[in-house]
Amino acid sequence: MGCARRLGGVSTTMPLPRSAEFALWYSAWASGAVSPDDARDAIIGADAAHDIAGLPDEVDVVPLILAFARFRSARAAAAGLALPVPGDPLGLAGPGEFNADAIEAGEGVVFDGAEIGLVPHRVGAGVVWQCYQAVSRRQVPDPSEADTSLREAVLAAANTLADLDVARWQPEVADALMELRGRADLNLPRGMAPRTLRLASLAARCRTIVDLALEYDGSAITSREVDERREALSPLDHAARRGLVAVCSHPWDER
């Protein structure tokens with residue numbers, strides 16, 4: 001999934017997908033809330049560098065901060081998130097080349113106001129964002145609806161995990177469920193609406209729970225049990241992805 005990382009138990013820091021951080025920090029810069037240097041540094045994080053490949057009329061990759069100006073000149077007023085999986089192209093509207101790469105990567109950025117999309121690829125110690133033509137008019141979840149759906153999915157998943165006796169083999173999953181009311185330490189720009197902050201935190205924690213619950217341990221569970229967990233937790237994963245897409249589409253609005 002790309003959202004959660006297991007580091008000897010449940011960490012209070014659960015990274016967002018790279019594309020979510022890109023979308024939020026680009027939108028913050030485009031709105032004048034942060035400087036370009038702050039947005040660049042937040043997106044790059046601990047990576048060596050982030051570059052953009054495939055920009056029109058460019059043969060070589062372009063450093064991230066220089067690409068910002070190119071996106072704004074293309075009238076990209078903000079950026080949104082896509083978190084697709086096979087059979088569920090959440091946040092995508094085409095064309096096929098962009099969709100295929102985003103689905104394989106499990107994430108992508110779609111700019112508002114410009115027909116541009118980006119897909120991140122790890123290259124050594126850095127990240128190269130492949131630029132594509134992308135359809136910007138797409139359906140995205142409403143934050144209020146996404147929040148309600150995610151909270152309903154959390155309740156159902158808690159019962160499911162109990163029925164599957166997941167905590168017996170992976171007690172960190174039970175720990176993560178207990179921490180759902182806490183605030184995750186996420187890399188977010190200031191000024192986001194309180195409700196979207198809460199939704200981002202809950203969605204990130206839920207994706208951690210799904211990752212942990214599906215983590216295969218051959219000495220403890222069978223592949224059949226892994227398949228049962230995956231089927232049972234699919235609604236929670238879907239709801240969490242919808243929540244993050246909604247956050248990136250409406251980061252400043254209290255809806």
Please work out if residue 66 is of a type outside the set (Asp, Glu) and either modelled with pLDDT under 95 or not in a helix (DSSP H, G or I) (or both).
no
Can you confirm whether the stretch 110-133 contains a residue that is under 15 Å from the mean Cα position of the chain (by Cα) and not in a strand (DSSP E or B)?
no
Filtered residues of the stretch 16-44 (kept if part of a loop (DSSP other than H, G, I, E, B) and touching a helix residue (DSSP H, G or I) at 6+ places or on another chain (Cβ under 8 Å)):
16, 17, 34, 35
Kindly list the number of the only condition in (1) surrounded by 16 or more Cβ atoms within 10 Å (Cβ to Cβ); (2) under 30 Å from residue 26 (Cα atoms); (3) at pLDDT 70 or above that fails for residue 214.
(2)
Has the stretch 175-183 got any residue that is of a type in the set (Gly, Ala, Ser), assigned to a helix (DSSP H, G or I) and at pLDDT 90 or above?
no
Pairing a residue in the stretch 105-132 that is within 18 Å of residue 58 (Cβ to Cβ) with any residue that is small (Gly, Ala, Ser) and in a strand (DSSP E or B), where Cβ atoms lie under 6 Å and the two sit 6 or more apart in sequence or on different chains, gives 109/79; 111/79; 117/108; 119/108; 128/53; 130/53; 132/117
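The values are calculated or read from the model by the stated rules, or taken from the named source; none is laboratory data. Since this is a predicted model, take the numbers as computed values, not measurements. Cβ sites come from the backbone with ideal geometry, for glycine too, and all protein chains shown count toward neighbours.
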